[in-house]
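S.K.: Mind having a look at this structure? Questions to follow.
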Amino acid sequence: MSQSSNSDARLFVALDLPSVAEAEAMVAQLGDAVESYKIGLQLLPIGGVDFGQRLKALGKNVFYDFKFHDIGATVEKATRSIAGLNADFLTVHARPDVMRSAVVGRGDAPLKILGVTVLTSLDRQALLDIGYADTAEDLVMRRVEQAIAAGIDGVVSSPLEAEAIRANVPDGFCVVTPGVRPAGADKGDQKRIATPSAALKSGASHLVIGRPITQAPDPRAAALAIVAEMADV
């Protein structure tokens, strides 16, 4: 993964914006302050994959947050399609058969497969409402065990579970944490959050941060402040 002197490749800025044109403008505004970007479902149907390819041509790191969740054959074929695009990360839901199929689809490509454990917008009550008796941490740790067995490269979890995950995974296993908010930032729809430094100290390998940067009065300054905080850990 690339990195400039002003950036930290572990920081993925979530480009959850209404259009590719706005996302491109944000990338231009951030410049060399950011080397890594996450493209999610909002941009997927309106040119997100092609946009990701343009980012790769600029030397950026690209994380396709597409959360594949389907029968094994479909996930395998979809992952094979992404694997041919030279992307850096791809998310799938952390269901055992889904993860195993993604590994087969990835083949020998350098694409890293991440299993989405429990969304950071879900708290204890939300899990009960959808039928899970486990706590978020218990459910995350079960998904982590399944991810290791499936042979994927890491998981996506809230920063609150990062420490427990790091203590139970092999060296090099990625722990990617959304729900990261600088001190004083609006929580938005996130429930299980932490600051950038706290997430890294807990064992996160990569941070995903969106609105605290993209909706800041000065996005570049906001990104550089987060990079500085990360460097101090």
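S.K.: Taking semi-axes √(5λ) of the Cα gyration tensor in Å straight from the coordinates, which label in [x] 29, 20, 17; [y] 25, 22, 16; [z] 41, 23, 16 is the correct one?
M.R.: Only one option fits the structure, namely [y].
S.K.: At a Cα cut-off below 17 Å, give the aspartates and glutamates reachable from K77, other chains included and same-chain residues fewer than 8 away excluded.
M.R.: Candidates past the 8-residue exclusion: D65, D97, D108.
S.K.: Determine the sum of side-chain charges near K77: Lys and Arg each +1, Asp and Glu each -1, restricted to other residues whose C-beta is under 13 angstrom from that of K77.
M.R.: Spelling it out: positives minus negatives among the neighbours equals 0.
S.K.: Which pairs in the list K67/K112; K60/K201; K67/K201; K60/K112 are over 21 Å apart, alpha-carbon to alpha-carbon?
M.R.: Among K67/K112; K60/K201; K67/K201; K60/K112, the Cα-Cα distance tops 21 Å for K60/K201; K67/K201.
S.K.: Only helical DSSP H runs with n ≥ 4 go in: add -39500 (n - 2.57) per run for the chain, normalise by residue count and round the 222 nm mean residue ellipticity to 500 deg cm²/dmol.
M.R.: -11500 deg cm²/dmol
S.K.: Would you list V62, V13 from fewest to most Cβ contacts within 10 Å?
M.R.: On the way: V62 23, V13 28.
So the ranking, lowest neighbour count to highest, is V62, V13.
S.K.: When S7, S205, S81 are ordered from fewest to most other Cβ atoms inside 10 Å of their Cβ, what list results?
M.R.: Final ranking by Cβ density, sparse to dense: S81, S205, S7.
S.K.: How charged is the neighbourhood of I113? Take every other residue with its Cβ under 9 Å from the Cβ of I113, and add Lys/Arg as +1 and Asp/Glu as -1.
M.R.: +1
S.K.: Sorted by mean Cβ packing within 10 Å, highest first, what order do the peptides 110-120, 127-137, 215-225, 144-154 take? Provide the component values of the computation, followed by the final result.
M.R.: Working: 110-120: 22.3, 127-137: 12.8, 215-225: 16.1, 144-154: 19.1.
Result, highest mean first: 110-120, 144-154, 215-225, 127-137.
S.K.: Got a sec? Charge dipole of the chain, +1 on Cβ for Lys and Arg, -1 for Asp and Glu; which of A223, A136, G151 is way out at the positive end?
M.R.: Most positive-ward Cα: G151.
S.K.: Shifting gears a bit: With +1 on the Cβ of every Lys and Arg and -1 on the Cβ of every Asp and Glu, and nothing else charged, how large is the dipole of the chain about its Cα centre, in debye rounded to the nearest 20?
M.R.: In total the dipole reaches around 240 debye.
S.K.: Oh, and also: Step through the residues of segment 169-181 one at a time and calculate ³J(HN,Hα) from phi using the Karplus curve (6.51 cos²θ - 1.76 cosθ + 1.60, θ = phi - 60°), rounding each to whole Hz and writing x for Gly and Pro.
M.R.: Rounded to whole hertz, the list is 10, x, 4, x, 6, 7, 10, 9, 10, x, x, 9, 9.
S.K.: Using the number of other C-beta atoms within 10 angstrom as an exposure proxy, rank E161, E35, E76 with the fewest first. Could the numbers behind the result be given before it?
M.R.: On the way: E161 27, E35 24, E76 20.
Result, fewest neighbours first: E76, E35, E161.
Only the coordinates and a few stated rules stand behind these numbers; no lab work does. Since we're looking at a predicted model, the values are computed, not measured. Glycine gets a Cβ as well: all are built from the backbone with ideal geometry, and neighbour counts include every protein chain shown.
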